[in-house]
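Asks: Next up is a structure, given as structure tokens.
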Amino acid sequence: MAQQRRVPLSTQRPTSTVCVLGTELSLDVCGSAPKDAVAFHVQGTPGVKLYVVHEKQSIKLPSTVGRWPLATSTEVLLAMDALSKDVGDEKVRISYFGETGGVPVGRAMLYLTCVEVSLDADTSRGGAVSRTLLDKTKWTWGPDGHGAILLVNCDRDDPEAETPDNRDDTIRSYADLKDMSQMVLRTRGPRTIFAGHRLLLHVDFGHADKVRVFYGGSSASLEEYKHVLGGSKLVYALKPSRHQEESTFYVEGLAFPDIGFSGLVAFHVTLLESPEKGLLETPIFTDTVVFRVAPWIMTPNTAAPLEVFVCSVDDNEDFVAAVGALDEVEFGYVQAPHKTFPVVFDSPRDRGLRDFPVRSILGPDFGYVARKAPEGASSLDSFGNLEVSPPVTVQGKEYPLGRILIGSSFPRFGGRRMAKAVRDFLVAQQVQAPVELFSDWLQVGHVDEFLSFVPAPDRKGFRLLLASPSACYQLLKEKQEEGFGEAAMFQGLEGVPKPTITEILANEGLRKFNNYVQSCISWNRDILKRSLGLSEPDILDIPQLFRGAAATGAEAFFPDMVNMLVLGRHLGIPKPFGPEVGGQCCLEARVRELLEPLGLTCTFIDDYFSYHVLSGEIHCGTNVRRKPFAFKWWHMVP
């Protein structure tokens, strides 16, 4: 339905008003009628489309009916579909008649000027601003959805700047402008009509701190771009008579969707009319366009790697890394039709990499976002405790960007949980609906200690790998029965006890603890099957043992093989130093049997002293920037 405005009339003097292209005017024919009038006649010049609504029927004029009863149920509507060339160049006349008919008892004259006032953005998501018949006030999901998209401008295009661009209210480079979404104001019609009118660009008070708008006028010079809206600035007044017919504004997001902020931001342009000097201006037309701030999106292990980040320590030339360092950050990306760039998410757990994301990663087209935990951070806030599945379908519900997996405590009193600020942030992104797993049984408490995803050529395109004490005991029992009970672990590692297969199998305390661990992993197995729509053939059990106590938590007995680095078809797996059977590690051999048929290459890397003894593995000390999904997030339905 077209935007409609009620217009009062007068039989004492002519009335003038503006009709905005695409809107309707409803004429108050009763309010101006002489007291003895019972009927009226209406006619207009050729540029005016007139309709009379009578007895719930809309009748286009002229019609065979010459006069209409003067009743509150009778309404006159008008519209114009061509811009005026001069002020007041189209007219409508209302003639009022008494009981006797004949001569009119009064006349009301309305002078009309048709102008265009339109606020537009890339609502069709094609990468450029265009006029549309779509409802700009609504934002819809799905392949047939519409609505403009806004990026949080959290990269740093100026190397001299100390903070991300969204914390700076100046434009420092043209690259900065390219990260922003365009919003175009069109004002056409007789320019003199705007001498008595004003245009206000404004944003809702509740969203003003989430966006910032820049405007450079007709100049292309960076120095001319000024912060005109957003933050503390709620309104920007324009003078269309001094502007071009099209004015381009640049909009940047300042905040990601989060608790209390859906990500939707509405901008409005309102045309104000001042009928007489000394009176306050009144709004006569408002156009609105809604943007959604693009979410932060994680990429799964199965996505193609683009860049591997490793942190160096002393005495580790073989595999440069640092234990538990780079899992303070997680790489993802943001995307709009006009731009995509990676964004690192900094955890509230500040350890060895507290300043690394800002100093070394933040830069041109590489963004940064962080969340703090006022209640204090735990090891569950390191991002080894943050994974994402490949795309899945669960009972007919599609998750084309996968589902985020976070570790938490078992539903019981006490236990560690991921910081509320981080959990709220992840949920608010909407596009990767998080799944909570039980990881507090682990000493460190990260989901990457017992699960991983690897690409596969069949079924769902991946396999879920789960650490499995049961599979490990089964393998060791197998080798004992084959006569290799005296084969020992940790050969070649100085100062490390070397239990044999028989000794491990005879250790009742170790077996009981691993039965407990297996029950914890089995609980998560069921959650993962339900939440990701998996069946048993989608899961591979990787032999693994743990040690510890229920009170202090579990840690890997030997290097944790699921805690691997996945680079396409190449896997960097912690070397388990298992018992050698026939000249090769039986644990490595079993993992090869499971993964190589999928076309994967397994490389076992010694991380025993650099990672394992400090409660970490290869995945904990590395991070990978991966290729974004080909699927556009706005095409999904959360």
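Coordinate-derived values only; no laboratory data. Here the structure is a predicted model, which means the values were calculated and not measured. Neighbour counts run over all protein chains shown; Cβ positions are idealised from the backbone, glycine included.
Asks: Which percent, nearest 5, of DSSP beta bridges in region 4-115 are antiparallel?
Replies: Rounded to the nearest five, the antiparallel share is 70 percent.
Asks: Identify all lysines with a Cα-Cα distance to K420 below 22 Å; exclude those on the same chain that are fewer than 8 residues away in sequence.
Replies: By straight Cα distance, K420 reaches K210, K372.
Asks: Taking a cut-off of 24 Å, what percent of all Cα-Cα pairs in region 121-293 are separated by more than that?
Replies: So the portion of pairs separated by more than 24 Å is 39 percent.
Asks: Using the Karplus curve 6.51 cos²θ - 1.76 cosθ + 1.60 with θ = phi - 60°, what ³J(HN,Hα) values do you get for each residue of region 627-638, in whole Hz, with x for Gly and Pro?
Replies: In residue order, the calculated couplings are 5, x, 4, 5, 5, 7, 4, 6, 7, 8, 10, x Hz.
Asks: On to the next question. In the chain, with Lys and Arg counted as +1 and Asp and Glu as -1 at Cβ, which of these residues, N507, V129, W441, has the Cα nearest the positive end of the dipole, that is, farthest along it?
Replies: In the chain, that residue is V129.
Asks: Quick one: 3J(HN,Hα) in Hz for region 445-452, Karplus 6.51/-1.76/1.60 with θ = phi - 60°, rounded, Gly and Pro as x.
Replies: Once θ is set to phi - 60°, the couplings for region 445-452 become x, 9, 5, 6, 7, 10, 8, 7 Hz.
Asks: In debye, nearest 20: dipole of the chain around its Cα centre with unit charges on the Cβ of K, R (+) and D, E (-)?
Replies: Roughly 2920 debye for the chain.
Asks: Rank L50, S519, N385 by how far each Cα sits towards the positive end of the charge dipole of the chain (+1 on Lys, Arg Cβ; -1 on Asp, Glu Cβ) and give me just the farthest.
Replies: Checking the options against the dipole of the chain, the answer is L50.
Asks: Same structure again: Any idea what the alpha-carbon Rg over 2.2 N^0.38 Å comes to for region 4-115?
Replies: 1.01
Asks: Hey, what do the phi angles of region 564-575 turn into as Karplus ³J(HN,Hα) couplings, whole Hz, using 6.51/-1.76/1.60 and θ = phi - 60°, x for Gly and Pro?
Replies: Once rounded to whole Hz, the list reads 10, 9, 9, 10, x, 8, 9, 10, x, 10, x, 6.
Asks: Here is a further query. Label region 542-595 by shape, choosing from rounded, prolate and oblate, from the square roots a ≥ b ≥ c of the eigenvalues of the Cα gyration tensor; if a/c is under 1.5 it is rounded, and otherwise prolate applies when a/b is larger than b/c, oblate when it is not.
Replies: Taking the square roots of the gyration eigenvalues as a ≥ b ≥ c, region 542-595 is oblate.
Asks: Please sort by residue number the GluC sites (Glu not before Pro) in region 488-581 whose DSSP state is loop and whose Cβ has at most 11 other Cβ atoms within 10 Å.
Replies: Passing sites in region 488-581 are E494.
Asks: Next question, about the same structure. Given the convex hull of the Cα atoms of the chain, what is a quarter of its surface area in nm²?
Replies: Taking a quarter of the hull surface, the average projection is 36.8 nm².
Asks: Taking H placed 1.01 Å from N in the peptide plane, check which residues at least 5 places from C19 or on another chain put their amide H under 5 Å from its amide H.
Replies: Long-range HN contacts for C19: T113, C114, V115.
Asks: Moving on to the next point. What's the Cα-based Rg to Rh of region 167-258, Rh via Kirkwood?
Replies: Ratio of gyration radius to Kirkwood radius: 0.99.
Asks: What percent do you get for the relative contact order of the chain when only Cα pairs under 8 Å and 6+ apart count?
Replies: 11 percent
Asks: A further question on this structure: Which of rounded, prolate, oblate describes region 414-489, given a ≥ b ≥ c as roots of the alpha-carbon gyration tensor eigenvalues and a/c under 1.5 marking rounded, otherwise prolate only if a/b is larger than b/c?
Replies: Since a/c reaches 1.5 but b/c is at least a/b, the shape of region 414-489 is classed as oblate.
Asks: Further, regarding this structure: Assigning unit charges at the beta carbon (Lys, Arg +1; Asp, Glu -1) and nothing else, what dipole magnitude in debye, to the nearest 20, does region 121-293 show about its Cα centre?
Replies: 700 debye
Asks: Now, a different point. Using the Cα centre as the reference, give the magnitude of the dipole from point charges on the C-beta atoms of region 1-125 (Lys, Arg: +1; Asp, Glu: -1; all else neutral), rounded to the nearest 20 debye.
Replies: 280 debye
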